[in-house]
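Here the structure is laid out as structure tokens; the discussion comes afterwards.
The values are calculated or read from the model by the stated rules, or taken from the named source; none is laboratory data. These numbers come from a predicted model, not from an experiment. As a convention, Cβ positions derive from the backbone with ideal geometry for all residues, glycine included, and neighbour counts pool all protein chains shown. Please note that ligands, DNA and RNA were not included when accessible areas were found on the heavy atoms of the full protein model with its side chains. Shrake-Rupley method; radii C 1.70, N 1.55, O 1.52, S 1.80 Å.
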Amino acid sequence: MQNKKWNKFSKLTEKCYNNMIGAEKDDSCWVQAFELLMEIVREERQTNPNYASELAMLDDITDYEYDIDGWLEDCLDEVDMRGNHEVLIKMCDELLNMFSWPGYTGSDIKIKKSATLAALGQKKESAEYCKKWMQKEPENIIAATAGVYAFIEIKAFEEAEKLVERFIPDKSKCSDENDIMFTAASTLYQVTGKKKEKKVIDKAIKEYEKYLEEYFEWPEFEEDDEEFFDEELPF
């Protein structure tokens, strides 16, 4: 029975990606596949309560046949992009409630939930959610970044700036570890009209983007490199 459901899930996810590229007009496949996945997990837990206690375990259990983690990320992004906020909140809550989240895992889902609450007009609820999250994970920069955006929404600018000051005390060094907070800081200073502070932040962001561009730039092909491609490969 479960094999049939996994097969159905596979067909639905294929339909989802066809929908993503415009080859399939019916976008209900995203919700259908999500609900089916949750149904499979619940049914498995009836006989094995510890089945996939963490979301990441699902791919391991299924031998990475369905790329569940990758599909779920795409699913939430698609639902978010289409503005289906009520559906997105339900999905986030179901994922957060059904699985355990050790360490900082689940941060991407939590920040999406906080933003979606604000999009639904529940700005105070979003701020309260972030406060509780930061209390549990005080060193989590993703939680703090969510807090900055939530505080901006309720015009608690001092609280937002305290988080910026704490997590990026050096405003000249943007990196892969803090770039999300730099982006939030730029938004904060834009809203509060702090042009000098925003200029410093934006300069650091541009320098980091330039670094990334240069780092990932493919080196130009040189004529001398032809010898490399002429050599017989060792496999």
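Just to check your reading of the model, which residue among Met134, Met181 is under 27 Å from Cys92 (Cβ atoms) and touching a Gly at 6+ places or on another chain (Cβ under 7 Å)?
Answer to the check: Met134.
Among the residues of segment 102-128, write down those that are free of Cβ contacts under 8 Å to residues at least 40 places away in the same chain, among the hydroxyl-bearing types (Ser, Thr, Tyr) and not in a helix (DSSP H, G or I).
Across segment 102-128, the qualifying residue is only Tyr104.
Could you tell me whether any residue of segment 162-171 is over 23 Å from the mean Cα position of the chain (by Cα), charged (D, E, K, R) and part of a loop (DSSP other than H, G, I, E, B)?
The answer is yes, given that some residue of segment 162-171 is over 23 Å from the mean Cα position of the chain (by Cα), charged (D, E, K, R) and part of a loop (DSSP other than H, G, I, E, B).
Do we have any residue at all in segment 93-101 that's free of Cβ contacts under 8 Å to residues at least 40 places away in the same chain and either buried (at least 20 other Cβ atoms within 10 Å of the Cβ) or β-branched (Val, Ile, Thr) (or both)?
Checked segment 93-101: no residue is free of Cβ contacts under 8 Å to residues at least 40 places away in the same chain and either buried (at least 20 other Cβ atoms within 10 Å of the Cβ) or β-branched (Val, Ile, Thr) (or both).
Against the condition out of contact with any Asp or Glu (no Cβ under 9 Å at 6 or more places or on another chain) and at pLDDT below 95, how does Lys25 come out, does it pass?
The answer is yes for Lys25.
Looking at segment 1-24, which of its residues are over 23 Å from the mean Cα position of the chain (by Cα) and among the aromatic types (Phe, Trp, Tyr)?
Passing the criteria: only Trp6.
Any idea which residue in segment 102-125 is most open to solvent (accessible area, probe 1.4 Å), counting only those that are more than 17 Å from Ala184 (Cα to Cα) and among the β-branched types (Val, Ile, Thr)?
Out of the qualifying residues, it is Thr105.
Pro138 versus (1) more than 23 Å from Ile111 (Cβ to Cβ); (2) loosely packed, with under 12 Cβ neighbours inside 10 Å; (3) not charged (D, E, K, R): which is the lone unmet condition?
(1)
What pairs come up if the first residue lies in segment 157-179 and is surrounded by fewer than 15 Cβ atoms within 10 Å (Cβ to Cβ), the second is of a type in the set (Ser, Thr, Tyr), and their beta carbons are under 9 Å apart, counting only those six or more places apart or on different chains?
Lys173/Tyr208; Ser175/Tyr208; Ser175/Tyr211; Asp176/Tyr208
Looking only at segment 146-161, how many residues end up being over 10 Å from Val191 (Cβ atoms) and outside any helix (DSSP H, G or I)?
Of the residues in that region, 2 qualify.
Might you let me know whether segment 183-203 holds any residue that is in contact with a helix residue (DSSP H, G or I) (Cβ under 7 Å, 6 or more places away or on another chain), more than 16 Å from Ile152 (Cα to Cα) and surrounded by fewer than 16 Cβ atoms within 10 Å (Cβ to Cβ)?
No, there is no match, as no residue in segment 183-203 is in contact with a helix residue (DSSP H, G or I) (Cβ under 7 Å, 6 or more places away or on another chain), more than 16 Å from Ile152 (Cα to Cα) and surrounded by fewer than 16 Cβ atoms within 10 Å (Cβ to Cβ).
Given the criteria at pLDDT below 95, aromatic (Phe, Trp, Tyr) and either part of a helix (DSSP H, G or I) or more than 21 Å from Ala146 (Cα to Cα) (or both), does Phe235 qualify?
When the stated conditions are applied, Phe235 passes them.
Return the residues of segment 21-35 that are aliphatic (A, V, I, L, M), within 19 Å of Gly70 (Cα to Cα) and surrounded by fewer than 16 Cβ atoms within 10 Å (Cβ to Cβ); say none if nothing qualifies.
Matches in segment 21-35: Ile21 only.
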